[in-house]
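K.L.:
This is the structure, below, for whatever I ask next.
The values are calculated or read from the model by the stated rules, or taken from the named source; none is laboratory data. Remember, it's a predicted structure, so these values are computed and weren't measured experimentally. Quick reminder, even Gly has a Cβ in these numbers, built from the backbone with ideal geometry, and neighbours come from all protein chains shown. Side chains included, ligands, DNA and RNA excluded: accessible areas come from the protein's heavy atoms. Shrake-Rupley method; radii C 1.70, N 1.55, O 1.52, S 1.80 Å.
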Amino acid sequence: MSEANWYVVHTYSGYENKVKANIEKTIENRHLEDQIFEVRVPLEEVQEVRNGATKTVQRKMFPGYVLLNMIMNDDTWYVVRNTRGVTGFVGPGSSPVPLTEAEMIPLGIRTESSVAIDFEVGDSVTVIGGVWKDTVGVIQSINESKQIITINVELFGRETPVEIGFAEIKKL
């Protein structure tokens, strides 16, 4: 049996949630729970200002696309491809291409591959790679899902926030 991967399905714009519901219903009806594991419509929280009031709303990160964690075989391909509202898999021709690990990290999908960190907000760190190499800063925030921290560095006499990857820093 092959390994499960994340695939991207193109849908009609505005039909993402309907496609998700249809696929989940088909999984249940055809007993494919052991082959199609998760269906996602990635959302992000954004601040909107309407009539002078600021509201936090959820917006689709990729309108017209749905993410699927599944084992690709003829049955699962057929079920997903023939779901109402699906125009096809993302990939050349009729061969779907799975997302790579690097593509999944910014989406916050892969949490099991996170790095164990031994620092916290307020710690002083030194940057050991990249553009900011040998820069010393104080950690302002930590984003474990994206594996980045925000530090303040002095730039042109002002404190400026900079995002650095976990692998590029060392605790002082």
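K.L.:
Scan segment 152-159 and give yes if some residue there is at pLDDT 80 or above and under 25 Å from Ala102 (Cβ atoms), otherwise no.
P.N.:
Scanning segment 152-159, I find no residue that is at pLDDT 80 or above and under 25 Å from Ala102 (Cβ atoms), so the answer is no.
K.L.:
Any residue in segment 127-141 that is under 14 Å from Glu154 (Cα atoms) sitting within a Cβ distance under 9 Å of a residue that is of a type in the set (Phe, Trp, Tyr)? List the pairs, counting only those 6 or more apart or interchain.
P.N.:
Ile139/Phe119
K.L.:
For segment 126-141: of the residues being among the hydrophobic types (A, V, I, L, M, F, W, C) and either surrounded by fewer than 17 Cβ atoms within 10 Å (Cβ to Cβ) or at pLDDT below 80 (or both), which is farthest from Pro161 (Cα to Cα)? I'd like the intermediate steps shown before the answer.
P.N.:
Quick first cut of segment 126-141, residues among the hydrophobic types (A, V, I, L, M, F, W, C) only: 127-128, 131-132, 136, 138-139.
Next, only the ones that are either surrounded by fewer than 17 Cβ atoms within 10 Å (Cβ to Cβ) or at pLDDT below 80 (or both) stay: 128, 131, 136, 138.
Numbers: Ile128: 17, Val131: 14, Val136: 12, Val138: 10 Å.
Checking each candidate, the answer is Ile128.
K.L.:
Determine whether segment 36-58 contains at least one residue that is of a type in the set (S, T, N, Q), exposed (fewer than 15 other Cβ atoms within 10 Å of the Cβ), outside any loop (DSSP other than H, G, I, E, B) and touching a residue at least 12 places away in the same chain (Cβ under 8 Å).
P.N.:
To start, the set of residues in segment 36-58 that are of a type in the set (S, T, N, Q) comprises 47, 51, 54, 56, 58.
Filter once more, keeping what is exposed (fewer than 15 other Cβ atoms within 10 Å of the Cβ): 47, 51, 54, 56, 58.
Keeping just the survivors that are outside any loop (DSSP other than H, G, I, E, B) gives 47, 54, 56, 58.
Retained after the next criterion (residues that are touching a residue at least 12 places away in the same chain (Cβ under 8 Å)): 58.
For segment 36-58, residues of a type in the set (S, T, N, Q), exposed (fewer than 15 other Cβ atoms within 10 Å of the Cβ), outside any loop (DSSP other than H, G, I, E, B) and touching a residue at least 12 places away in the same chain (Cβ under 8 Å): present.
K.L.:
A further question follows. If I ask for residues that are of a type in the set (Ser, Thr, Tyr) and open to solvent by 70 Å² or more (accessible area, probe 1.4 Å), which ones from segment 1-33 would you list?
P.N.:
So in segment 1-33, the residues of a type in the set (Ser, Thr, Tyr) come out as 2, 7, 11-13, 15, 26.
Of everything in segment 1-33, those that are of a type in the set (Ser, Thr, Tyr) and open to solvent by 70 Å² or more (accessible area, probe 1.4 Å) turn out to be Tyr12, Ser13, Tyr15.
K.L.:
Which numbered condition trips up Arg84, out of (1) open to solvent by 50 Å² or more (accessible area, probe 1.4 Å); (2) within 21 Å of Ile27 (Cβ to Cβ); (3) assigned to a helix (DSSP H, G or I)?
P.N.:
(3)
K.L.:
Then there is this: Can you tell me which residues in segment 59-81 are surrounded by 12 or more Cβ atoms within 10 Å (Cβ to Cβ), of a type in the set (Ser, Thr, Tyr) and more than 12 Å from Lys20 (Cα to Cα)?
P.N.:
Matches in segment 59-81: Thr76 only.
K.L.:
Does segment 99-107 include one or more residues that are at pLDDT below 85, out of contact with any Phe, Trp or Tyr (no Cβ under 9 Å at 6 or more places or on another chain), of a type in the set (Asp, Glu) and over 27 Å from Asn29 (Cα atoms)?
P.N.:
Yes, that holds for at least one residue.
K.L.:
Ok, one more. Which count do you get for residues in segment 3-35 that are within 21 Å of the chain's Cα centre (by Cα) and free of Cβ contacts under 8 Å to residues at least 12 places away in the same chain?
P.N.:
1
K.L.:
Across segment 87-96, which residue is modelled with the lowest pLDDT among those that are within 14 Å of Tyr65 (Cα to Cα) and either of a type in the set (Lys, Arg) or assigned to a loop (DSSP other than H, G, I, E, B) (or both)? Spell out the reasoning first.
P.N.:
Filtering segment 87-96 down to residues within 14 Å of Tyr65 (Cα to Cα) leaves 87-91, 96.
So of that shortlist, the ones also either of a type in the set (Lys, Arg) or assigned to a loop (DSSP other than H, G, I, E, B) (or both) come out as 90-91, 96.
On the way: Val90: 89, Gly91: 86, Pro96: 89.
Applying the filter and picking the extreme gives Gly91.
K.L.:
In addition: Give segment 114-172 a look and list any residue that's within 20 Å of Met104 (Cβ to Cβ), of a type in the set (A, V, I, L, M) and assigned to a loop (DSSP other than H, G, I, E, B), or say none.
P.N.:
Val115, Ala116, Ile117
K.L.:
From the list Asn22, Asn69, Asn17, Asn51, which one is modelled with pLDDT of 90 or more and over 22 Å from Met104 (Cα atoms)? Spell out how you get there, then give the answer.
P.N.:
Details: Asn69 fails: over 22 Å from Met104 (Cα atoms); Asn17 fails: over 22 Å from Met104 (Cα atoms); Asn51 fails: modelled with pLDDT of 90 or more.
Within the list Asn22, Asn69, Asn17, Asn51, the selection yields Asn22.
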